[in-house]
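As structure tokens, the structure follows; a few thoughts come after it.
The values are calculated or read from the model by the stated rules, or taken from the named source; none is laboratory data. Note that the structure is predicted; figures quoted are calculated from it, not measured. Cβ coordinates were reconstructed from backbone atoms using ideal geometry, including for glycine residues, and neighbour counts include every protein chain displayed. Heads up: the accessible areas ignore ligands, DNA and RNA and are worked out on the full protein's heavy atoms, side chains in. Shrake-Rupley method; radii C 1.70, N 1.55, O 1.52, S 1.80 Å.
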Amino acid sequence: MAVVRAGAAELGFAEEAPAWRLRSSQFPSKLYAPLPGRADAFHRSLFLFCCRAPPCCAGLRVFRNQLPRKNDFYSHEPPPEEPPPEAGESVCLQLKSGAHLCRVCGCLGPKTCSRCRQAHYCSKDHQAVDWRSGHKQACGQADNLDNTVPDHNFLFPEFEIVIETEDEITPEVSEKDDEPEIIGSMGEASVDELDSMAKHESREDKIFQEFKNKIALEPEQILRYGRGLAPIWISGENVPEEENIPDCPCGAKRIFEFQVMPQLLNYLKADRLGKSVDWGVLAIYTCAESCSLGTGYTEEFVWKQDVNDTS
């Protein structure tokens, strides 16, 4: 199992090795996860999307894309690890060609501001967001549009993420009595009911303790990657059975590939209880055969286990 944690705020890139990176957008993570020995999956990425609003979180979506090393989009050779020495003026990062992108979310922006015809948007809603956030003042001023990147507080913050191999953790011995103490009157419940409740609470305590022990060495981990292994659950409730994981449209079974930890919410600044997206564990299952897609995307499966499932 590989443990992934947030690193510096500046992104790096290594084409020849898995370089899992956190992207800032309305999707909280992108994993670059090529499969060794698979020429058709030299470039293989997984994209996890979600909404910030709690009611929409049930609509979590994950997509997979893969390409061979020789393709129409990426160079056959990786970029140099060391950037070239700066010569003369700094390089302008504004794109001068290619598709127009929305100034708010970065998606395809076919719509333009009717006044300046220079600002592009994916929708009227995002045009309104940009207008309120400063485009009203900058509209028509070409220099302001070219040299400023608006901060609409719409995207998630962006980080590099670092991958490390997990060490074995020795489970801590819990100093608890074998039989939990039952406090209060037994008149409202039978002895069998109380025993069942006690066993359930004891099992939940054990599962949650194992979860805490696993993350003890890397308490800031945000992802755990282990294709074909098993996730660790924060609760014994709402754990999927095999029949709950749908097969890939190609007919192959889906297997566990990685899980997203609750610590990621802190980095995304989306941990306001009841007012933002929330989860205990997100477990992502992908096609066991990683079926070939050409240049397209296929949807995979995500299982959400909430923190309140521990109650």
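Details
- Arg103 contributes about 50 Å² of solvent-accessible surface, heavy atoms of the protein only, 1.4 Å probe.
- Debye-formula intensities of the range 221-290, expressed as log10 I(q)/I(0) at q = 0.24 Å⁻¹, are -1.07 (one equal scatterer per alpha-carbon, no solvent).
- Restraint check, Lys70/Lys304; Lys70/Lys111; Lys30/Lys253; Lys111/Lys304, Cα-Cα greater than 29 Å: Lys70/Lys304; Lys70/Lys111; Lys111/Lys304
- Cβ-defined net charge surrounding Asp247, 9 Å radius [Lys, Arg +1; Asp, Glu -1]: +2
- Note, ³J(HN,Hα) from phi for the range 261-269, Karplus 6.51, -1.76, 1.60, rounded to Hz, x at Gly and Pro: 8, x, 4, 4, 4, 5, 5, 7, 6
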